[in-house]
1. Just checking, how many residues over the range 182-204 are closer than 16 Å to residue 228 by Cβ and touching a helix residue (DSSP H, G or I) at 6+ places or on another chain (Cβ under 6 Å)?
2. Within the range 111-124, restricting attention to residues that are under 19 Å from the mean Cα position of the chain (by Cα) and near the ligand (Cβ under 10 Å from one of its atoms), which residue is farthest from residue 92 (Cα to Cα)?
3. Show the residue pairs meeting these rules: Cβ distance below 6 Å; 6+ apart or different chains; first residue within the range 106-133 and within 11 Å of residue 46 (Cβ to Cβ); second residue within 11 Å of the ligand (Cβ to nearest atom) and in a loop (DSSP other than H, G, I, E, B).
4. If a residue has to be out of contact with any helix residue (DSSP H, G or I) (no Cβ under 7 Å at 6 or more places or on another chain) and either over 21 Å from residue 153 (Cβ atoms) or touching a residue at least 24 places away in the same chain (Cβ under 8 Å) (or both) to count, how many in the range 37-57 make the cut?
5. How many residues, within the range 60-110, are within 15 Å of the ligand (Cβ to nearest atom), over 20 Å from the mean Cα position of the chain (by Cα) and part of a helix (DSSP H, G or I)?
6. Go through (1) part of a helix (DSSP H, G or I); (2) under 19 Å from the mean Cα position of the chain (by Cα) one by one and return the number of the condition residue 54 breaks.
7. Considering every residue within the range 111-125, establish whether at least one is surrounded by fewer than 17 Cβ atoms within 10 Å (Cβ to Cβ) and in contact with a helix residue (DSSP H, G or I) (Cβ under 6 Å, 6 or more places away or on another chain).
8. Any residue that is surrounded by fewer than 16 Cβ atoms within 10 Å (Cβ to Cβ) and within 16 Å of the ligand (Cβ to nearest atom) - is there at least one of those in the range 134-141?
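Read the figures in this text as sums done on the coordinates, not as results from a lab. The structure presented is a predicted model; accordingly, all values stated were derived computationally and were not measured. Cβ: placed from backbone, ideal geometry, glycine included. Neighbour counts: every protein chain shown.
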Ligand code: GTP
């Protein structure tokens, strides 16, 4: 395989399906089937899930940002539990770790324990983002990927690649098969939070952006197929 260990970042919206809100169990199931296929290749899999299908920190208009971000972090834990339940149901051994201590519900995040789980062939789900307000789950994904020495981040989005402008609004938008971290930062392309991109750049972690609307794309990337955009 091209990779030994990867971190898959799934946005909260991805599991909302067409409603754009909450959790669509059919969509969740098909994403988890894609994850199971990827797991069966023998590559170590860690997952970071966002919470935008429930609450996003920047949604709060009058609320203070810290409280709003805390609510967003709790949303990612709800999604983490849903993902774990579905993967368990598919017979994939999982461990859920949260960056905010929530002992009755999940394990606390301990880096070495996470690595041990991966070595024992468990899929580790990291929920709660970085555990700090003012940081996105993208940054949480970059941080965890660096911590577990992941070979790549697989960035699962509803778009299929990086474009220089929104392809839904601009039919002439340029599509990138490959792009550098610097270009993403300089052009301020909002495919991933810029803090997360610089963290990946500093730690030389390539990012593969692809569409999760076809969950088998995960295994295609692991097999070295060039779909979506590679950021390196
Ligand atoms: P090993 O140490 O490799 O055997 O890992 P393990 O995860 O199987 O052992 P452990 O006894 O730590 O965990 C057994 C189960 O309890 C797993 O499903 C864990 O996710 C869960 N677990 C462990 N610690 C906590 C915790 O603090 N809170 C909650 N809710 N579950 C936990």
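1. Looking only at that region, the number is 4.
2. Among them, the one singled out is 117.
3. Between residues of the range 106-133 that are within 11 Å of residue 46 (Cβ to Cβ) and residues that are within 11 Å of the ligand (Cβ to nearest atom) and in a loop (DSSP other than H, G, I, E, B), the close pairs are 122/93.
4. Applying the first criterion (out of contact with any helix residue (DSSP H, G or I) (no Cβ under 7 Å at 6 or more places or on another chain)) to the range 37-57 yields 39-40, 42.
Of the ones still in play, those that are also either over 21 Å from residue 153 (Cβ atoms) or touching a residue at least 24 places away in the same chain (Cβ under 8 Å) (or both) are 39, 42.
Residues meeting the conditions: 2.
5. 1
6. (1)
7. To start, the set of residues in the range 111-125 that are surrounded by fewer than 17 Cβ atoms within 10 Å (Cβ to Cβ) comprises 111-113, 116, 119-121.
Add one more test, that the residue is in contact with a helix residue (DSSP H, G or I) (Cβ under 6 Å, 6 or more places away or on another chain), and what stays is 111.
The answer is yes; a qualifying residue exists.
8. We begin by selecting, within the range 134-141, every residue surrounded by fewer than 16 Cβ atoms within 10 Å (Cβ to Cβ); these are 134.
In the following step, the residues that additionally are within 16 Å of the ligand (Cβ to nearest atom) were identified as none.
Checked against the condition, which is being surrounded by fewer than 16 Cβ atoms within 10 Å (Cβ to Cβ) and within 16 Å of the ligand (Cβ to nearest atom), the range 134-141 yields no hits at all.
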